[in-house]
């Protein structure tokens, strides 16, 4: 194998090795960057959905304030409390019936006197729960699961002319939660969001899950719950840093938010495999680029090797011709490098040899 071939192969090998190392570095750097971007997007989605849930809850409180501030309702409550006037009770019943029919998310309204005795109620919710003392502020009583969705109970005291005259309890159809968690924008084909709360020793989701798993209906025992349902109740940084197994047995990245005043845990998650497809696309693109650059490196390296080795080849030709008896040959001196110095030295040697031959003759 002559020097030109060896030099060409060496250049090609170095080029290919350099591209392989550069491609590997670029792939892992880009893949880590894509992962970081995905996690931060996930965290931003979790924060956005938390704010949406808080807005939904605030709207429920606003509904209760509007009911509480109805002047006719307050006067009717005081009239009934003072005299047990049946006309006043009928007015209360008529008012709350009209409100319940008009506001679709209100499931039931219950009006109490200051002793907690029911004056009137209208609605269909059969929820049973312990009585909660009535105060001036709106109180969150709790979230309760029904066959047709979750219910949220709020209560507040009713004042007239500075005196507490009774209370109102509102049972809200909380299916607005589903509107927030059911929007999978930014979560791909498999990602999802859900709200989970503790009920005794269990963790229960408040909205339907995106995936159907046989034998799982959105409820797990807390002690053995999967990471996607239990992580929200474990103190940690908000930004997700590791993968967890979800209720399907799939590895997921998740971001969580805990809404303390409601006892709700919000979970937003994406499948690791689906997010990893971005890196796979990048890997395929880098492979295609590597193939194209390899072809260029092979051709370019071969041509460059022949070009760089041509002066040495010319010297070898001159020496070979001299060995076969040709006289008066000289190497062409070009440039200012070691090969040029070698050509010049060869010419000096040839001059010396010719002088010696003339003297010997």
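The values are calculated or read from the model by the stated rules, or taken from the named source; none is laboratory data. Just so you know, these numbers come straight off a predicted model, no measurement behind them. Please note: Cβ atoms are built from the backbone with ideal geometry, for glycine as well, and neighbour counts cover all protein chains shown.
At least 2 residues being in the same structural domain as residue 125 (by TED's automatic domain parsing) is the threshold, and among the strands (runs of 3 or more DSSP E) wholly inside segment 162-271 those reaching it are 163-173. Quickly run through segment 89-111 and pick out the residues that are modelled with pLDDT under 90 and under 17 Å from residue 166 (Cβ atoms). Across segment 89-111, there are no qualifying residues. Could you tell me whether any residue of segment 348-356 is at pLDDT 70 or above, assigned to a helix (DSSP H, G or I) and surrounded by 16 or more Cβ atoms within 10 Å (Cβ to Cβ)? Scanning segment 348-356 turns up at least one residue that is at pLDDT 70 or above, assigned to a helix (DSSP H, G or I) and surrounded by 16 or more Cβ atoms within 10 Å (Cβ to Cβ).
Taking the stated definitions as given, is residue 224 free of Cβ contacts under 8 Å to residues at least 40 places away in the same chain, out of contact with any strand residue (DSSP E or B) (no Cβ under 6 Å at 6 or more places or on another chain) and surrounded by 15 or more Cβ atoms within 10 Å (Cβ to Cβ)? No: the conditions fail for residue 224. Could you give every pair whose Cβ atoms fall below 8 Å, whose first residue belongs to segment 123-148 and is within 19 Å of residue 162 (Cα to Cα), and whose second residue is surrounded by 10 or more Cβ atoms within 10 Å (Cβ to Cβ) and modelled with pLDDT under 85, counting only separations of at least 6 or pairs across chains? Listed by first residue and then by second, the contacts come to 134/116.
Given the structure, is residue 268 modelled with pLDDT of 65 or more, within 22 Å of residue 224 (Cβ to Cβ) and within 11 Å of the chain's Cα centre (by Cα)?
Numbers: modelled with pLDDT of 65 or more: yes; within 22 Å of residue 224 (Cβ to Cβ): no; within 11 Å of the chain's Cα centre (by Cα): yes.
It is false that residue 268 is modelled with pLDDT of 65 or more, within 22 Å of residue 224 (Cβ to Cβ) and within 11 Å of the chain's Cα centre (by Cα).
The listed residues are 77, 95, and the only one of them that is within 53 Å of the chain's Cα centre (by Cα), assigned to a helix (DSSP H, G or I) and in contact (Cβ under 8 Å) with a residue 40 or more places away in the chain turns out to be 77.
Can you spot a residue in segment 36-46 that is part of a helix (DSSP H, G or I), modelled with pLDDT under 90, loosely packed, with under 12 Cβ neighbours inside 10 Å and under 42 Å from the mean Cα position of the chain (by Cα)? Yes: one or more hits.
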